[in-house]
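This report concerns only the one structure given below.
Just so you know, all these numbers are worked out from the coordinates, no wet-lab data involved. Computed from a prediction, not measured in an experiment: that's the story for all the values here. As a convention, Cβ positions derive from the backbone with ideal geometry for all residues, glycine included, and neighbour counts pool all protein chains shown.
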Amino acid sequence: MRRTALVAPACGPGLAAVLALVLCAAGVDRTVAAHPAPVVGRPAPAHTTARPAIVPRSRWIDDRTHKRQPPPRYDDKVVAVFVHHTDSPNTYDCADAPRIIRSLYAGQIGPRQWDDIGYNFVVDRCGTIYEGRAGGVDRPVTGAHAQGFNHRTAGIAALGTFTAGASVPRAVTDAIAALAAWKLGLADIDPRSRVRLVSTSGQSRYAAGTSATLPVLAGHDDGFPTTCPGAALTAHLPALRQAAARLQGRP
């Protein structure tokens, strides 16, 4: 997997027409290791929920922007989810979401020289969930979305900018809650709990090798010094944790 210097301060696409936008996947940790696929035959987790509808990446990627990339990397399971925003315009038609995601991808594999889009999932303002990073939506794909804490986590990016004063559509929060409930439920993780993760990068909020206790359903800024996912979306995180837990059938 190609390594690259990390110089961007925050989050956004990256094509020439949208270079003014900032990418929320800033501070990506490219130091990843391959892990074996999950063992088949384990007992089903106690708290699960149905997988929400997820649009495959084939709906937004195309031959003009797709590049040959190394095989996906995997962890043993996902124990935490980081919520992001893409710091891109909010006034888009949802039919244009595939094009916008394609621009995000092009900016990350082009000027930034990453191997793939960093986020595991992208949610548009209509609540449509898109597969982001390759590797299989139901597998613990090692992302590239939260420097220092990419292992055993998934990244969900809300397509738009949700800084203070912005309106967060109900469709966005409902989709994030449903996606987090399903993804964390695969490992029977309570979205309201906290988890201990070990930082792999001193460019995060924690020195490399430091054990940090973070919310299971966290904002990008919990692990990396950034304003992402924006004050407006961050304010919804407590309710998102509760909603995800209810979807898992927890009291």
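General observations
- Sorted by Cβ neighbour density within 10 Å, fewest at the top, the residues D124, D222: D222, D124
- Percent RCO, i.e. relative contact order, over the range 120-201, from Cα pairs under 8 Å lying at least 6 residues apart: 33 percent
- Approximating the spin labels as points 7 Å out from Cα along Cα→Cβ, the A50-to-V198 distance works out to 4.0 nm.
- Charges were assigned to the Cβ only: +1 to each Lys and Arg, -1 to each Asp and Glu. The resulting dipole of the range 165-240 about its Cα centre is roughly 80 debye.
- Charge tally around P89: other residues with Cβ under 13 Å, Lys/Arg +1 each, Asp/Glu -1 each, net -2.
- Once backbone amide H atoms are built at 1.01 Å from N, G219 has V83 as its partners under 5 Å, excluding neighbours fewer than 5 places away on the same chain.
- Contour excess over end-to-end distance, with Cα ends at T210 and Q242 and 0.36 nm allotted per residue: 8.7 nm
- Centroid-to-centroid, using Cα positions, the range 136-207 and the range 46-120 are 13 Å apart.
- Total charge dipole magnitude, the range 104-188, about the Cα centre, Cβ charges on Lys, Arg, Asp, Glu only, Debye to nearest 20: 140 debye
- Placing dummy labels 7 Å off each Cα toward the beta-carbon, the span from N90 to D174 is 1.9 nm.
- Taking the fewest neighbouring Cβ atoms within 10 Å as the starting point, the ordered list for Y206, Y92, Y119 is Y92, Y206, Y119.
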